[in-house]
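Take a look at the structure set out below.
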Amino acid sequence: KGPSAYTPRCNPRRARARRNLVLGLQAQEGYISGPEADRLRHVPLRIAKDEWRPDQSYDSYAIDAVRQRPDCSGKVGVLGFCIGGTLAWLADSRFGVDASVGYYAKGIEDYLDEVANIHCGLILHYGGSDRFIPTSIIRSVEAALVDKPNAEVFTYPGVDHGFNSNDRRAYNVEAASV
């Protein structure tokens, strides 16, 4: 499911449901207390009047904006799923983020020539039985990263695309907990 499915501007009901799911998971894992999750479930969603949007697709404005926030240490990490996993790779190779994680990074093979620009800690996760990403592509990613000690690729045998999304049939608790 793409992020647009959960935008509060277009899908407020889905956005609330997703927010509440994440709060429940955070409480379950001990990141926040149960009472805190319950309190936050009742906070109305707010939509910014002046929503920020980048002017160009190759600008790092979003990364720069996060780095400049007073609650940011100056370091930025990027996490992406599917095509977003490839965007996490590109955030490092083109904009120098400080950490990058991609799950089942679809299309990454088109950007392996940018491996020399990968400098941050990079972790990629793939299902060994991903119906959208053949094993040959995963092997080419591993080969491209062989000289990058800061990069690691995890492949989970018998696991399909979307294994880290708890609302999919492919969800795999064991692989998702790594």
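For this structure, a couple of remarks:
- Taking amide H atoms as placed 1.01 Å from N in the peptide plane, the amide H of Y103 lies under 5 Å from those of G80, F81, C82, G85, H125, each 5 or more residues away in sequence or on another chain.
- Compactness index (Cα Rg / 2.2 N^0.38 Å), the chain: 1.12
- Solvent accessible area, Å² - Y156, 1.4 Å probe, full protein context: 30 Å²
- The chain: calculated mean residue ellipticity at 222 nm from DSSP helix runs of at least 4, using -39500 (n - 2.57): -9500 deg cm²/dmol
- Near-label residues of segment 8-24 by backbone N, under 15 Å of a point 7 Å along Cα→Cβ of D38: 24
- Inter-label distance for R16 and E174, nm, one decimal - labels placed 7 Å from Cα along Cα-to-Cβ: 3.9 nm
- Inter-label distance, nm, simple model (7 Å from Cα along the C-beta direction), A5/R131: 1.4 nm
- Across the chain, the longest run free of exposed loop sites, meaning GluC sites (Glu not before Pro) lying outside DSSP classes H, G, I, E and B with no more than 14 other Cβ atoms within 10 Å, spans 52-178.
The values are calculated or read from the model by the stated rules, or taken from the named source; none is laboratory data. Model, not experiment: these values are computed from the prediction. Because the Cβ atoms are built from the backbone with ideal geometry, glycine has one as well, and the counts that use them run over all protein chains shown. SASA here: full protein model, heavy atoms, side chains in, ligands and nucleic acids out. Shrake-Rupley method; radii C 1.70, N 1.55, O 1.52, S 1.80 Å.
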